[in-house]
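Engineer: If you scroll down you'll find the structure; I have some questions about it.
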Amino acid sequence: MRLEPPVPVTTEEYTLNVRDIEPLLQGYPMDKKPWPAATIKLKTGEQMYIREAKIEEAKVLMQFVRKVMDVEHDFYDIVGARVYAELLGWYRKRIKDPYVLIGMIDGKLAGLVNGRLMNEDINISHHTMTFHRGGRLGAALFYCKAYHAFEILGQKEFWSTYESYNGWRIGFLGMAQPSYPWPDVQHELGGARVYYVTKKYWDQAIKKYSEQLVGSALNFDVPAKVIKANENFILPDEVTV
């Protein structure tokens, strides 16, 4: 859009350096506590190790998630496409205050969860993806994500929405999550309904319910040798649905 200046000007053209533009596109990240290394025992007896993903791992994760985009089953395709875009946005610094947690079993990538911080009070859940069957892995990862919001970051609300029936059943029905009036309040994932958990509700019910559903609580007393052994992950051989 071009308009004539309302007054005479000395300089009609300016040259911009992209380094001056980049801060405007990235925004300014919040100062947030890192996720400490943790383990959790699954219903199968397997131990899952959970840590923050490293930004240099984003491309490897994206390569695997790309395979999920071709699976027309249980909404894997749309979840895969959106997770791919979210990982790329994280890698290219085009998502405000993102986080990515990965779950590993015996060194192999078992699943991931991601989201972002809207502000100091509200945590927006994006997706939970599992690549390993059994053990209520999805519920365990969702529990980790909510724990991250309330216990690590000290936030007041955790916002979700659901694309699959299974996610809706576990999250909304199983946890009896209330929702905000729609369409007045919409989740950023397609403008769907916002299902939320408050810190008070987490303390009263959801934390205990999640631990009962998974079968155990998070353990943050992780030996240094376990942390060292899980610095890198092995990708699954194929997509399991």
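Taken together, the values in this text are just the output of simple stated rules run on the coordinates, not laboratory data. These numbers come from a predicted model, not from an experiment. FYI the Cβ positions are ideal-geometry reconstructions off the backbone, even for glycines, and counts take in every protein chain you see.
Engineer: Choose one answer from 145, 228, 67: the residue with the largest mean-square fluctuation in a GNM of the chain with alpha-carbon springs under 10 Å.
Structural biologist: Highest fluctuation among the options: 228.
Engineer: Fewest first, what order do 124, 170, 50 take by the number of other Cβ atoms within 10 Å? Show your work: numbers first, answer last.
Structural biologist: Details: 124 23, 170 19, 50 29.
Placing the least packed residue first, the sequence is 170, 124, 50.
Engineer: Using a ≥ b ≥ c from the Cα gyration tensor of the stretch 34-229 (square roots of the eigenvalues), is it rounded, prolate or oblate, where a/c under 1.5 gives rounded and otherwise the larger of a/b and b/c decides, a/b for prolate?
Structural biologist: Details: a/c = 1.35, a/b = 1.10, b/c = 1.22.
Verdict is rounded for the stretch 34-229.
Engineer: Follow-up question, since we're still on this one. Rank these for me by crowding, 172, 158, 233, going from fewest to most other beta carbons within 10 Å.
Structural biologist: Details: 172 17, 158 27, 233 20.
Listing 172, 158, 233 from fewest to most nearby Cβ atoms yields 172, 233, 158.
Engineer: Cut-off under 16 Å on the C-alpha distance; same-chain residues fewer than 8 positions from residue 199 excluded. Which lysines are left, in chain and number order?
Structural biologist: Result set, ordered by chain and number: 145, 156, 207, 208.
Engineer: What does the charge add up to near residue 198, with Lys and Arg as +1, Asp and Glu as -1, over the other residues with Cβ less than 13 Å from its Cβ?
Structural biologist: On the way: positive: 156, 199, 200, 207; negative: 121, 157, 203.
So the surrounding residues net to +1.
Engineer: Arranged by the count of other C-beta atoms within 10 angstrom, fewest first, what order do 137, 88, 24 take?
Structural biologist: Values: 137 25, 88 15, 24 7.
Ascending number of Cβ neighbours within 10 Å: 24, 88, 137.
Engineer: Remind me, relative contact order of the stretch 44-183 in percent, using alpha carbon pairs under 8 angstrom and six or more residues apart?
Structural biologist: Working: 187 pairs, mean separation 26.8, N = 140.
That works out to 19 percent.
Engineer: Normalising by the residue count of the chain, find the relative contact order in percent from Cα pairs under 8 Å and 6+ residues apart.
Structural biologist: Values: 358 pairs, mean separation 50.5, N = 241.
About 21 percent, as a whole number.
Engineer: I'd like the Karplus ³J(HN,Hα) series for the stretch 219-235: coefficients 6.51, -1.76, 1.60, θ = phi - 60°, whole numbers in Hz, and an x wherever there's a Gly or Pro.
Structural biologist: So the Karplus estimates, Gly and Pro as x, are 10, 9, 8, 9, x, 4, 5, 6, 4, 4, 5, 10, 5, 10, 10, 9, 6 Hz.
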